[in-house]
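Novice: This is the structure, below, for whatever I ask next.
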Amino acid sequence: MEDMLIIKGIEFRSRLWVGTGKYKDFEQTARAIEASGADVVTVAVRRTNITDRKSSNLLDYIDPKKYKILPNTAGCYTVADALRYSRLAREAGVSDLIKLEVIGDEKTLFPDVIGLLEATGILAKEGFIVFPYTNDDPVMARRLADAGAAAVMPLAAPIGSGLGIRNPYNLKIILDTIKLPIIVDAGVGTASDVAIAMELGCDAVLLNTAIAGAKDPIAMAEAMKHAVLAGRLAYKAGRIPRKLYATASSPIEGIL
């Protein structure tokens, strides 16, 4: 409880947030989420049925009373589309939370940061709790914060690439200069990537493909849970300084 992540007055018990795409079926999705220990589950409003309760629905497998559902605007390439699907999710009673994506390039799935900034400002004024997915640019992170973002979600690497954290130095600058929660989103591939993000001081990690695309998604989900816990604890404990030369572990003074 002393290390609870709180954003806009909302308490989050886990610093691992997970997605719901790319699993073989809803049953496997539910099992992986349970194994991850996450309490935030993000769902693509455009691609997944969460609004029509009369047909097969992801929320039949993921209890909204147990998990915080975070709608996202994956697949939106314009500000108008991102706004439309954000509002649709809220009107359907899903959530005021929104993971905001405005994609700028179909091949790399890098964000259109100009459109993202515009949409963040609009949705924040409408009372949404906005989590914008952006690149690892410290200047854009600051502008998103100024526009009303509740947290900033810089990528570690391109979506689904599994490359891990490509630019820890930019992430460190963002962490040092933005007074909002920083949640790494996209590009991590395995548990060590998650641990590194947490050791840098990030407040949480959101991932999907690294679990859903693993040979054993359930086992990987559990690995990610432990990686977040270990990385966060190591960050709070404080690592030793890096040195070029060796330092004896045992004192040598007084040895004859």
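The values are calculated or read from the model by the stated rules, or taken from the named source; none is laboratory data. Quantities reported herein were computed from a predicted structural model and do not represent experimental measurements. Positions of Cβ are generated from backbone atoms using ideal geometry, with glycine treated the same way; all protein chains shown enter the neighbour counts. Accessible surface areas use protein heavy atoms only, side chains included; no ligands, DNA or RNA. Shrake-Rupley method; radii C 1.70, N 1.55, O 1.52, S 1.80 Å.
Novice: What tally of residues in segment 2-27 results from selecting those that are of a type outside the set (Phe, Trp, Tyr), in contact (Cβ under 8 Å) with a residue 24 or more places away in the chain and outside any loop (DSSP other than H, G, I, E, B)?
Specialist: The total comes to 7.
Novice: Looking only at segment 79-120, which residues are assigned to a helix (DSSP H, G or I), under 14 Å from ALA149 (Cα atoms) and among the charged types (D, E, K, R)?
Specialist: Residue satisfying the conditions is GLU118 alone.
Novice: Right, here's the next one. For VAL79, state whether it is touching a strand residue (DSSP E or B) at 6+ places or on another chain (Cβ under 9 Å) and either surrounded by fewer than 18 Cβ atoms within 10 Å (Cβ to Cβ) or of a type outside the set (Asp, Glu) (or both).
Specialist: No, not satisfied.
Novice: Considering GLU106, GLU91, GLU118, which residue is free of Cβ contacts under 8 Å to residues at least 60 places away in the same chain, over 24 Å from VAL188 (Cα atoms), out of contact with any helix residue (DSSP H, G or I) (no Cβ under 9 Å at 6 or more places or on another chain) and open to solvent by 70 Å² or more (accessible area, probe 1.4 Å)?
Specialist: GLU91
Novice: Something else now. State all residues of segment 156-177 that are open to solvent by less than 10 Å² (accessible area, probe 1.4 Å) and either in a strand (DSSP E or B) or farther than 22 Å from ARG239 by Cβ (or both); if no residue qualifies, say none.
Specialist: Residue satisfying the conditions is ALA157 alone.
Novice: So in segment 178-188, with the set limited to residues that are open to solvent by 20 Å² or more (accessible area, probe 1.4 Å) and more than 13 Å from the chain's Cα centre (by Cα), which one is farthest from LYS8 (Cα to Cα)?
Specialist: Only one residue tops the list, namely LYS179.
Novice: Going by the structure shown, is GLY37 surrounded by fewer than 17 Cβ atoms within 10 Å (Cβ to Cβ) and modelled with pLDDT of 85 or more?
Specialist: No: the conditions fail for GLY37.
Novice: I've got another one for you. I'm trying to understand the selection: among the residues of segment 8-23, which are within 12 Å of ILE211 (Cα to Cα) and over 13 Å from the mean Cα position of the chain (by Cα)?
Specialist: GLY21, LYS22, TYR23
Novice: Sort out which residues of segment 6-34 are closer than 24 Å to ILE129 by Cβ and open to solvent by 10 Å² or more (accessible area, probe 1.4 Å), and write them in order of number.
Specialist: ILE6, LYS8, GLY9, ILE10, GLU11, ARG13, SER14, ARG15, THR20, GLY21
Novice: Give ALA141, ALA145 a once-over and let me know the one that is hydrophobic (A, V, I, L, M, F, W, C), assigned to a helix (DSSP H, G or I), open to solvent by 20 Å² or more (accessible area, probe 1.4 Å) and under 29 Å from ALA191 (Cα atoms).
Specialist: After ruling out the rest, the residue left standing is ALA145.
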